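Undergrad: Quick one: the structure is below, and I'll ask about it shortly.
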Amino acid sequence: MKVKGEASKWVLSELSDLSQFSDDFRSYCEERNLDDGKIFELELSVEELIVNSFTHGYQGGGEQETVVVEAEEAGPDVRISVRDHAPPFDLFRDAPAPRLGGEDPEPEIEAKAELETEAEPETVQEPKEEKEGGLGIHLVKSLNDRVEYYGSQDGNIVVIIKSKS
């Protein structure tokens, strides 16, 4: 979990480490005098990234299933990096648009599809299955001052930058 000698580095080896991490991370933020709103936004963002790594990134299993979180003060900001060894997943390019399960497609598109179906039944295509989700990534991007992604064959690094003031 928390790396000894490094007050701002945590290694999570499984999702059940999240509870202890959250307590430690909150303490880290409080020690830097972040207000409760900023702490909540950072906690939500970092937890979302951790959960995504374990539930989506590591779904195939492997020996390097860890998530490393590092935090540092960078002038007037706090900089949080979340690193995993999962297959590359660019949250700016690969994340689906935020969509909750059960939402219906736009009525105009549905009506147009019905008209096309009536006119040319032999060219009807099955509706494209849209991925549900994307809301967590949308929150990460919208709750923070800046979010950066760095990926390679060795994994993913997402950097969150949040102003302390």
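All of the numbers you see were taken from the coordinates with simple rules; none came from a lab. Quick caveat: nothing in here was measured; it's all calculated off a predicted structure. Every residue, glycine as well, gets a Cβ built from its backbone with ideal geometry; the counts of neighbours run over all protein chains shown.
Undergrad: Considering only DSSP states other than H, G, I, E and B, which trypsin sites (Lys or Arg not before Pro) in region 16-100 qualify as loop sites with at most 15 other Cβ atoms within 10 Å? Provide the component values of the computation, followed by the final result.
TA: Numbers: sites: 26, 32, 38, 79, 83, 93, 99; in loops: 32, 93.
Passing sites in region 16-100 are 32, 93.
Undergrad: What residue among 64, 37, 19 has its Cα farthest toward the positive end of the dipole of region 5-83, where the charges are +1 on Lys, Arg and -1 on Asp, Glu, each on the Cβ?
TA: 64
Undergrad: Here is a further query. List the GluC sites (Glu not before Pro) in region 9-95 that DSSP assigns to loop (not H, G, I, E or B) and whose Cβ has at most 14 other Cβ atoms within 10 Å. Which are they?
TA: Here the sparse-neighbourhood loop sites are 14, 63.
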